[in-house]
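A.B. asks: Just passing along the structure, written as structure tokens.
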Amino acid sequence: MARTEIGSLAELAGKKVSVGPQGSSSAATAAALFKALGIMVEPQHLDASTAIERLKQETIDAAVIVGGKPYPLVSTVPANSGIHLLPVPFGASLEAAYLPTRIEQHDYPNLIQPGGEVPTVATGMVLLAAKGDPRSAERVAHFVEVLFPRFAELQTSDRHPKWLEVNLAASLPGFSRTPAAAAWLNARTVETGAKPIAAGPGAVQPASMPDGAMSNGDREALFQRFIEWQRSKAH
């Protein structure tokens, strides 16, 4: 989000841009994004609510907000407030870590005119569980027991629309599905006659990190496989 006088990302060079609180996913994403684009901004570490208020007061120039659309705080920004959604064009410099997407008028009718849209970028998300703690398997099993049977309730019209994009049976190369998740999913496949789901490599959310310490090379290889997986889901 930016003041309306800011017409492109390049114009944010040297400007005050809220990137989110220190250590937040928003701050990490913003840092990576601007580095990839070669744009040096003056980062302000504000939460989303404060950043929007500062935008209205014209004391900052833009704010990077990372979240599922429609993001509630963005939905409350009134029209003609001097704030707009700044396009984030997808290009070669962003291909390594992001996917192209767009924000449409029905997402934020307060900020986008009918028939309009704003290009931006996105990344996929997975839910991972760490191995090693004896209590971890029990906690994950309890999580599965509570959430999975009620998952359909999260995909109703009165819930956030992003729930409609969650796939409990999606596979993720290099990671193993937790036994509790596999057991629950297989119980459902018995009911529907679908193909059984394996609790092993090539699985899913929630998933477990591979055993043993990972080298930087291993992490990079897994990250690249994750990006490839994201791209396969985007097409």
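The values are calculated or read from the model by the stated rules, or taken from the named source; none is laboratory data. Small disclaimer: the values here were computed from a predicted structure and weren't measured. Note: ideal-geometry Cβ built from the backbone for every residue, glycine included; neighbour counts use all protein chains shown. SASA here: full protein model, heavy atoms, side chains in, ligands and nucleic acids out. Shrake-Rupley method; radii C 1.70, N 1.55, O 1.52, S 1.80 Å.
A.B. asks: May I ask you to verify whether SER176 is surrounded by 16 or more Cβ atoms within 10 Å (Cβ to Cβ) and either among the small types (Gly, Ala, Ser) or in contact (Cβ under 8 Å) with a residue 24 or more places away in the chain (or both)?
C.D. replies: Judged against the criteria, SER176 is a match.
A.B. asks: Go through the stretch 71-106 residue by residue and tally those that are in contact with an Asp or Glu (Cβ under 9 Å, 6 or more places away or on another chain) and acidic (Asp, Glu).
C.D. replies: 1
A.B. asks: Continuing with this model, one more query. Which ones in the stretch 161-173 are in contact (Cβ under 8 Å) with a residue 60 or more places away in the chain and open to solvent by less than 50 Å² (accessible area, probe 1.4 Å)?
C.D. replies: Once the filter is applied, which keeps residues that are in contact (Cβ under 8 Å) with a residue 60 or more places away in the chain and open to solvent by less than 50 Å² (accessible area, probe 1.4 Å), the stretch 161-173 yields only ALA170.
A.B. asks: So, one more: Tally the residues that are assigned to a loop (DSSP other than H, G, I, E, B), free of Cβ contacts under 8 Å to residues at least 60 places away in the same chain and either touching a helix residue (DSSP H, G or I) at 6+ places or on another chain (Cβ under 8 Å) or open to solvent by less than 50 Å² (accessible area, probe 1.4 Å) (or both), restricting the search to the stretch 112-123.
C.D. replies: 2
A.B. asks: Going through the stretch 127-142 one residue at a time, which ones are under 19 Å from SER171 (Cα atoms) and open to solvent by 50 Å² or more (accessible area, probe 1.4 Å)?
C.D. replies: Residues satisfying the conditions are LEU127, LEU128, ALA130, LYS131.
A.B. asks: Now a separate question. Any chance you could count how many residues in the stretch 88-111 are open to solvent by 30 Å² or more (accessible area, probe 1.4 Å) and outside any strand (DSSP E or B)?
C.D. replies: Number of matching residues: 12.
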